[in-house]
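Before any comments, here is the structure.
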Amino acid sequence: MGKESGRIARGDGNPLSVKIVFFTHGGILYGANLSMIDLIVGLREKGVESMVIHAHSGPIEDRLRDLGIPSKCIPFEMCVHWRSDKPTWHPRRWVSEIANSIRALRKERFNKRQLKELAVATRAFGADVAVSNASGTVIGLEVAKQLGIPHVWHIREFGDLDWDYYPDGGMRRRREQILQSAKVVCVSQAVADHFKKQCGITDGRVVALHDSIASRDELSARAQGAPVNTEKGPFTFAITGFVKYSKGQFDAVSALRRVVDAGGDARLVVAGQGATEELKAHVQALGVADRVEVLGHVSDLSEVYRRADCGLMCSVAEGFGRVTAEFMSWGKPVIGRNSGATPEIVEDGVNGLLYDGSVSNLAEKMTLMAEDRNLASRLGVRALEQAAQRFEHSVCATGFLQHTRGVTKAR
């Protein structure tokens, strides 16, 4: 895109400067918001101006203010619900579905009342494009229709497979929302394929683009961090993220028990909120309390990444794996489950190792890594090289502009 990389071409081929308003639900700095902010920073380097409208107050306001990104808090509701885990014939399942339908109608009415304020703020910024951040938020589409501008839906998770939530109005409604969007940018090919299959989308509007995680300078600084420990002493594995069974922390502890039983000198660090008490009980039950450190929520994970010798990604259905990319950016190899989007990032024997999803195979890969520290070091060096090439801000920003080229109309 050359010197005009911060512009999107009109139909006549002439460049057009772009202003984008991003809509995000949460006010905390969870993965989707961090990735959105990374994208905005990358776009700014290319001359694109962005604003964020968030539904809740929180740490996101301070981060945006520090970065000089304009923002406004205007409440709106998500467009998804959590479905009961009861079978379809169970009475509680039907009660839950009825309750979800009632809540969906209330949420829709609330969003309609908020639409005027949302549209006024978007128009005042002079937005050319409205972007809804994550699959649980699609309010940007309603604002875009109100103002006659294109809508881009940036989907950052499977939704049903990883977080157990489903679209209000069902798949028919989701299909309509996708078809009304100019582009749907998914954080991985796995997520893109999932949504295309779910909604029967066969045209080219659903595309894949991996997130960025840091600027060029930040990645360079991380490259100077602590290398993989090739000397004697415990080999440290680390797993970060929300603690739940489907994210694999419990499997990681079970696998560590097998590594230790096989004579391996290894330890495990777990960082993240969620089912931490249940995980601690699991650690105690397996007798590895002296080998496992459960930290709970950690606001700055840089020290966890720096101290680790190898990262673990054990999630059953990972939509992208920001933490996988983070480990790589610190020069650490990753042992990843061969499912979801993880195989798109972890190349077996190149920048890490893949396992088949079983605890026994995970333990085998962990034992291999802990016993052959030179292998871990070589994989870590390659991981660092790939992170600099694939997950730098400008790489994601360039890809986003290429995907959305042509969807912007002149103001």
Highest-fluctuation residue, Leu384, Leu268, Leu179 considered, GNM on the chain with Cα pairs under 10 Å
Leu179
Just to confirm the number: angle between the C-alpha axis of helix 373-390 and the first principal axis of the chain, 0 to 90 degrees, nearest 10?
10
Could you work out how much longer the chain between Thr230 and Val298 gets when fully extended? Use 0.36 nm per residue separation minus the Cα distance between them, nm to one decimal.
21.8 nm
Anisotropy class of the range 28-81 from Cα gyration tensor, a/c 1.5 cut
prolate
On Cα atoms only, tilt of 393-404 relative to the major axis of the chain in degrees
40
Listing Tyr166, Tyr355 by rising number of other beta-carbon atoms within 10 angstrom, fewest first, gives Tyr166, Tyr355
Can you sort His25, His90, His151 by how many other beta carbons sit within 10 Å, fewest first?
His90, His25, His151
Quick note on Phe195, Phe320, ordering by fewest other C-beta atoms within 10 Å, gives Phe195, Phe320
What pairs from Lys244/Lys365; Lys19/Lys112; Lys107/Lys244; Lys19/Lys116 go past 31 Å between their alpha carbons?
none
To the nearest 500 deg cm²/dmol, what mean residue ellipticity at 222 nm is calculated for the chain from DSSP H runs of n ≥ 4 alone, each contributing -39,500 (n - 2.57), summed and divided by the residues?
-13500 deg cm²/dmol
Taking the alpha-carbon centroid of each part, what is the distance from the range 324-377 to the range 155-196 in angstrom?
28
Near the amide H of Phe23, under 5 Å away, which other amide H atoms are found, from residues 5 or more places off or on another chain, if H is placed in the peptide plane?
Ile53, Val131, Ser132, Asn133
Label-point separation in nm, Ser360 to Val316, each point 7 Å along Cα→Cβ:
2.0
How do the peptides 203-209, 396-402, 181-187, 331-337 rank, highest first, by the average count of neighbouring beta carbon atoms within 10 Å per residue?
331-337, 181-187, 396-402, 203-209
Theoretical gain in end-to-end length, Lys112 to Glu176 [0.36 nm per residue, Cα-Cα removed]:
21.3 nm
Cα-projected label distance for Ala289 with Gln402, points at 7 Å along beta-carbon direction, nm:
5.3
Using alpha carbons only: equivalent-ellipsoid semi-axes of the range 216-390, gyration tensor based, whole Å
22, 17, 16
At a threshold of 8 angstrom on Cα-Cα distance, excluding pairs fewer than six apart, so keeping six or more, what relative contact order does the chain reach in percent?
17
Counting all C-alpha pairs of the chain, share separated by more than 40 Å (%)
19
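Read the figures in this text as sums done on the coordinates, not as results from a lab. This is a predicted model, so every value here is computed, not measured. Cβ coordinates were reconstructed from backbone atoms using ideal geometry, including for glycine residues, and neighbour counts include every protein chain displayed.
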